[in-house]
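So the structure is just underneath, and the comments pick up after that.
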Amino acid sequence: MVSILKYLKESRLPIIFVVILLMVKVVTDLVLPLYTSQIVNVGIQQGGIDSAIPIALTEETFTALEEHFEDKELLRAAYRYDADQGGYFLINHPQIGEEAMEEALAKIRITDPEGLREQATYQQIRDEYLELGIDVAKIQNRYILKTGAKMIGVSLISALSAILVALNASRSAARFGRRLRKEVFSKVVSFSQAEMNNFSTASLVTRSTNDIQQIQHSFVMILRVVVFAPLMAFGGIFMVMSTNVGMAWIIALAVALVFTIIISLLAVAMPRFKRLQLLIDDTNRIVRETLSGLPVIRAFNTQKHERQRFEEANAELTKTSLFVNRTMSAMMPLMTLIMNLTALLIVWKGGYAIQAGKMQIGDMMAFIQYSMMVIMSFLMITMLSIMLPRASVSAKRIMEVLNTENVLLSPEVKAQFPHGVKGEVSFEEVGFCYPGAQSESLHSISFKAAPGTTTAIIGSTGSGKSTILNLIPRFHDITSGKLLIDGVDVREWDLKELRQMVGYVPQQGLLFSGTIASNIAYGSQDIPQAEIEWAAEVAQASNFIAEREGQYESRIAQGGVNVSGGQRQRLSIARALAHRPQILLFDDSFSALDYKTEQLVRSRLSEELSEATVIIVAQRISTILHADNIIVLDEGRIVGQGRHKELLEGCRVYQEIAMSQLSQQELSNHG
């Protein structure tokens, strides 16, 4: 999880701002219960009188007080007699202590209920004010309004901080998610087939979406909890201890119960959390296979089987999700029960303390609020401990992708071609073995394909024809021998330059969502319209394009499902031709074309790209009859090489292929 946090660099300032706001919120939240306590204790119980030093005393009380006050001179200096109002009024009291005044007032009282000395003092002061005609209600209202205004101000600051925290945390998390998606997508796009074999497509989709979303949501919680919850917990404990030490054990008991419940739930739910992501992968895989294989499913009438297969995966995912959600949903009712029982216990114990005069009602209310803060803080911390393992699983899956090292990389020192690139391809004793395979797929392959010539490769299924083609643009790297282009090892070429000089047409024409023009110009978006139309004409696609509404701006659906197989293949050929490559690779690309269209395409290719090196993989003899060099493969080895006539006479494998496809008369004519 820690390793993925390096992608937060661009969000450092917002994160610092969030931390500062959270500290402000902690302070304001801790202050609010104090104001509540003051309103109840001082504003209501003490009638707004917040000091044990009276601002006015009757003449009788002052005389009695004077007898019991230790520093009589200090007392006389603090009060001045007002004949009009018939009492003594406070003018200066910087050195008079509240405890000394409270003790002196207690001595002149006839009765002093046990444990209620402080309350009796304020009641005595209030009686003095009433006797002198001072508006006690005004004092009380002023105090309550003043304290209430402070509460409103602090609450507004807390609310504003919470809003800004949520806003900045969400934006930072969104940026974090965007960057992760970008990094993962860029990494996946750079993968060769060797890296792709380590991950299923469904898994990569899940990692790029669900896993990153999981981390993004967790990151919001981390930002809001990691700083806030510990500060609030320790701040709440400090305030509880300062409010009433005698009931601190209640908080300890409540926190212990919270941890017991959380640990129990985690022990049950965590194994299912880890399994959940794997089940999502599996469900995505089945959905993807079903959607991409719909024609085959319909052709073999296996809809019922596929529905059952999806239903099983979906049921397992649903079952696990329900178990996890039900387990975790039990947490909040249990936490609510603990908080309510804690409040009940505090009221019960606090009632005895209030009765004994050891606590005021406002202090008990503040104690309850601080207790709830402490419990909620520990709950938030434990909730984070639930989210972190799940996010950690997702982070690990994402880092597996990001930390995967690419096998195929551009060299640090790139090959230079001062006299331009010609496109001559040379295989010298090339061998190739797929990763994890027990034996080589290609053995000692040697041939040369010169510019302006057509080289054809034919052989039985699985003989290695497509593999040879895939080695040229470095979709794979050879495992032995040499593969040269213009006399330079392909591994010394810059990958981008190498693939720019190659026009590749795969066996299955794949189109992207967009327009016909954007698909033809896919290799380079700055290809002019004239070149796009030229490529379409050479590929014999211009006729059906002209018939479509919008022509070159006609929309292509994802995967090219709204065009026929032959049209899709011609557009794929046009895409390969559009940037006029030096090397053209056709991987059985003419199989979807009828014989007439194939002849027209090959005829135009020889006219328009006469200097290009053309290598064709084919299954049909008719496609390669006029090739300058035909290579015959059998089980990864070259068993024949030459022109059609030569191979008919001297290559048994070629003879078998030819006899299976052509009649004796056709063999005689072509021979």
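Coordinate-derived values only; no laboratory data. On a predicted model such as this, the values are computed, not experimentally measured, just so you know. All Cβ positions, glycine included, derive from the backbone under ideal geometry; neighbour counts span all protein chains shown.
Miscellaneous remarks
- The translational diffusion coefficient of region 424-523, from Stokes-Einstein at 4 °C and 1.567 mPa s with a Kirkwood hydrodynamic radius over alpha carbon pairs, comes to 86 µm²/s.
- The ranking of Phe590, Phe238 by Cβ neighbour count inside 10 Å, starting from the fewest, reads Phe238, Phe590.
- Peptides 530-541, 279-290, ordered by how many other C-beta atoms sit within 10 Å of their residues on average, highest first, read 530-541, 279-290.
- Across region 1-95, the volume of the C-alpha convex hull divided among the residues equals 204 Å³ per residue.
- Cα gyration tensor shape for the chain, rounded if a/c is under 1.5, else prolate or oblate: prolate
- Antiparallel bridge percentage (DSSP; both residues within the chain; nearest 5): 60
- Alpha-carbon centroid distance for the pair region 503-539 / region 193-232, whole angstrom: 37
- Whether region 507-580 is rounded, prolate or oblate, judged on the alpha carbon gyration tensor where a/c under 1.5 counts as rounded: rounded
- Once the C-beta distance of Thr461 and Lys396 is scaled by a Förster radius of 30 Å, the resulting FRET efficiency is 0.15 to the nearest 0.05.
- Among 329-337, 41-49, the order from most to least packed when residues are scored by Cβ within 10 Å on average: 41-49, 329-337
- Restraint check, Lys187/Lys319; Lys25/Lys150; Lys187/Lys422; Lys465/Lys645, Cα-Cα greater than 27 Å: Lys187/Lys319; Lys187/Lys422
- Helices that extend 24 Å or more along their long axis by alpha-carbon positions and average at least 1.6 on the Kyte-Doolittle scale are, among the DSSP H runs of the chain, 12-38.
- Electrostatic dipole magnitude of region 507-580 [Cβ: Lys, Arg +1; Asp, Glu -1; Cα centre; debye, to 20]: 280
- Net charge in the neighbourhood of Leu291 (other residues with Cβ under 14 Å of its Cβ; Lys, Arg +1, Asp, Glu -1) is +3.
- Length gained on full extension, Lys448 to Ala166: 95.0 nm, using 0.36 nm per residue less the C-alpha separation.
- Think of the chain as a dipole: +1 on every Lys or Arg Cβ, -1 on every Asp or Glu Cβ, centred on the Cα centre; then among Leu57, Ile468, Ser392, Ile468 lies furthest on the positive end.
- Summed residue charge, Cβ within 13 Å of Asn92's Cβ, Lys/Arg positive, Asp/Glu negative: +1
- A Förster radius of 51 Å, combined with the Cβ-Cβ distance separating Ser155 from Lys107, puts the computed FRET efficiency at roughly 0.75.
- Remark: Leu57, Leu32, Leu253 ranked as Leu253, Leu32, Leu57, counting other beta-carbon atoms within 10 Å and listing the fewest first.
- Prolate/oblate/rounded call for region 560-633, Cα gyration tensor, a/c under 1.5 rounded: oblate
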